[in-house]
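What follows is a single structure, written as structure tokens, with notes after it.
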Amino acid sequence: MKQEGIYNPNLFTEKIKRILAEYNQKNVSTKEPEHKSSASSAENTAGTEKAGQAGEQKEKSREKIQLPQPYNEQHNFRNEGRYNFDWQGTPIAQSLYAVAKVANRDVVINGTLDGKVYMSLHNVTCEKAMQYLSNAFNFNWMVDDNAILVSTSDTMLQSKIIPVHHLSDMEKVTNELKALGLNESNIFANSETRSVSVTGTPYQVAAAVRHMSAIDKPVSQCLVLAQLIEINHGDKLDLGMQYSLPTYSHTGTTSGITDSSSFKGNWLEKLTFSANATASKSLSKGKVVSRPMIMVMNGQEGVVNFGDQVPILSSTTTSSSTSVTAEYKDIGTNLTITPAIDEVTGTISMKIAAEISNITSWISKGETTAPQISTRKATTSAHLKSGQSFVIGGLMSVKDLDNLSGIPGLMNLPILGELFKFHSQTKEYSEVYIMITPYIVTDDIDPKEILRQVGD
């Protein structure tokens with residue numbers, strides 16, 4: 001059906017098929033036109049066709065050129081062999097015939113194509129040669145079964161709306177279609193309807209449909225189980241004097257006391273004290289501090305955060321008032337995971353970045369106190385099978401604690417005060433191990449079952 005201002009390529013194709021069928025039934029041979037051009041295989045140079053040009057032929061409005069040999073089997077026009085073409089002043093119709101001959105196809109030209117070809121191509125496919133010719137002489141073309149259909153630029157255009165099911169980046173879709181040779185003005189990607197509209201020759205539209213079918217596939221997902229395991233160990237040193245004061249008690253009266261034996265109680269007991277220096281070490285078993293599980297899409301970044309948000313206070317003083325504001329900073333362990341999934345081999349390539357931060361001390365300036373934060377980072381890559389674990393270790397933090405105790409008053413005396421003090425120094429080490437286990441998401445993966453197995 002032909003609408004006003006729109007050419008229907010389907011009717012054109014059916015009409016060409018009828019012409020070919022009728023012509024082949026008559027078995028009428030057409031004399032091969034003479035031209036000054038050559039076309040040879042780039043893979044084997046068995047021979048080169050050469051013929052002198054007797055004169056320019058006047059092209060007909062509809063020209064049919066039959067191949068010298070019958071077409072026996074279907075060929076993939078995109079993946080055929082590579083050839084060399086050399087045209088020096090060859091009419092465009094004869095150049096199209098040369099391409100069709102080496103591709104073992106018929107060629108049908110609708111309309112009049114004027115011009116001579118001056119072109120030398122080496123090691124190209126027939127499809128690429130047709131693209132060069134169509135760009136240079138502004139015509140449209142398509143492959144239909146065993147025939148190459150050629151038409152002037154104002155005919156044979158069609159539009160098609162291709163649904164987009166899985167791709168989220170519509171700009172990427174547009175760039176992919178532009179790479180096929182479509183003009184950007186003939187591509188319209190609609191993110192609201194999740195579709196892309198393309199306008200071009202039937203061959204271009206068919207190529208766009210094939211390409212979209214190849215790239216518009218469900219995005220693989222990766223289930224990542226991250227376990228944060230913490231091991232604490234430390235040293236402790238106790239040094240100084242420890243004093244113990246006895247408990248006093250007595251019985252009886254003080255009247256008529258003649259000697260100390262009549263004085264009941266422990267009033268005259270000595271004040272006891274002891275001095276010691278002890279050192280000890282401790283090591284605790286590893287414990288799982290956190291066990292989050294996240295779902296990450298192929299090629300996308302996933303972030304896991306273990307820790308707290310610490311407020312950092314800042315004050316602003318004016319002539320009338322003082323205002324205090326708080327800025328929160330993440331303290332703890334941050335884990336960034338980016339997987340690249342290969343569903344064929346069942347492997348996952350992962351980029352992993354780990355960062356551990358903790359507060360080591362507090363710094364005061366005036367009335368404002370701010371934390372001093374220690375940070376440790378590690379970045380690595382791993383190639384894992386689905387369900388295989390990977391461990392990042394050696395991320396440590398250190399805390400120094402110094403406790404001072406003693407007898408009030410006496411411990412503050414100059415020089416002698418050291419005799420009445422007791423120091424307890426503790427150094428605590430916290431070593432963090434991060435175990436990462438990725439799973440390629442399939443129908444067989446049950447996150448609850450994975451957590452149950454890990455918990456056991």
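Points to keep in mind about this one:
- Qualifying residues in region 320-369 (those that are in a strand (DSSP E or B) and among the acidic types (Asp, Glu)) - the one surrounded by the most Cβ atoms within 10 Å (Cβ to Cβ): 355
- Restricting attention to region 370-391 and to residues that are of a type in the set (Gly, Ala, Ser), on the phi < 0 side of the Ramachandran plot and in contact with a Phe, Trp or Tyr (Cβ under 8 Å, 6 or more places away or on another chain), the residue that is surrounded by the most Cβ atoms within 10 Å (Cβ to Cβ) turns out to be 386.
- Residue ID - farthest from residue 302 (Cα to Cα), chosen from residues in region 207-231 that are at pLDDT 85 or above and of a type in the set (Gly, Ala, Ser): 207
- Of all residues in region 116-131, those that are assigned to a helix (DSSP H, G or I) have Cβ atoms under 9 Å from Cβ atoms of residues that are among the polar types (S, T, N, Q) and crowded, with 16+ Cβ neighbours inside 10 Å, 6 or more apart or on another chain, in 129/95.
- Enumeration of residues in region 116-128 that are at pLDDT 90 or above and under 14 Å from residue 150 (Cβ atoms): 117
- Criterion applied to 192, 184 was being exposed (fewer than 15 other Cβ atoms within 10 Å of the Cβ), free of Cβ contacts under 8 Å to residues at least 12 places away in the same chain and touching a helix residue (DSSP H, G or I) at 6+ places or on another chain (Cβ under 7 Å), and the one residue passing it is 184.
- Inter-residue pairs, beta-carbon under 9 Å, first free of Cβ contacts under 8 Å to residues at least 24 places away in the same chain and in region 159-171, second part of a strand (DSSP E or B) and small (Gly, Ala, Ser), 6+ apart: 171/189
- The combined condition, being modelled with pLDDT of 85 or more, under 26 Å from residue 216 (Cβ atoms) and part of a helix (DSSP H, G or I), is not fulfilled by residue 160.
- Any hit, region 320-330, residues being among the aromatic types (Phe, Trp, Tyr) and modelled with pLDDT under 80: no
The values are calculated or read from the model by the stated rules, or taken from the named source; none is laboratory data. Remember, predicted model here, so these are calculated numbers, not experimental data. All Cβ positions, even for glycine, are placed from backbone atoms using ideal geometry, and neighbour counts span all protein chains on display.
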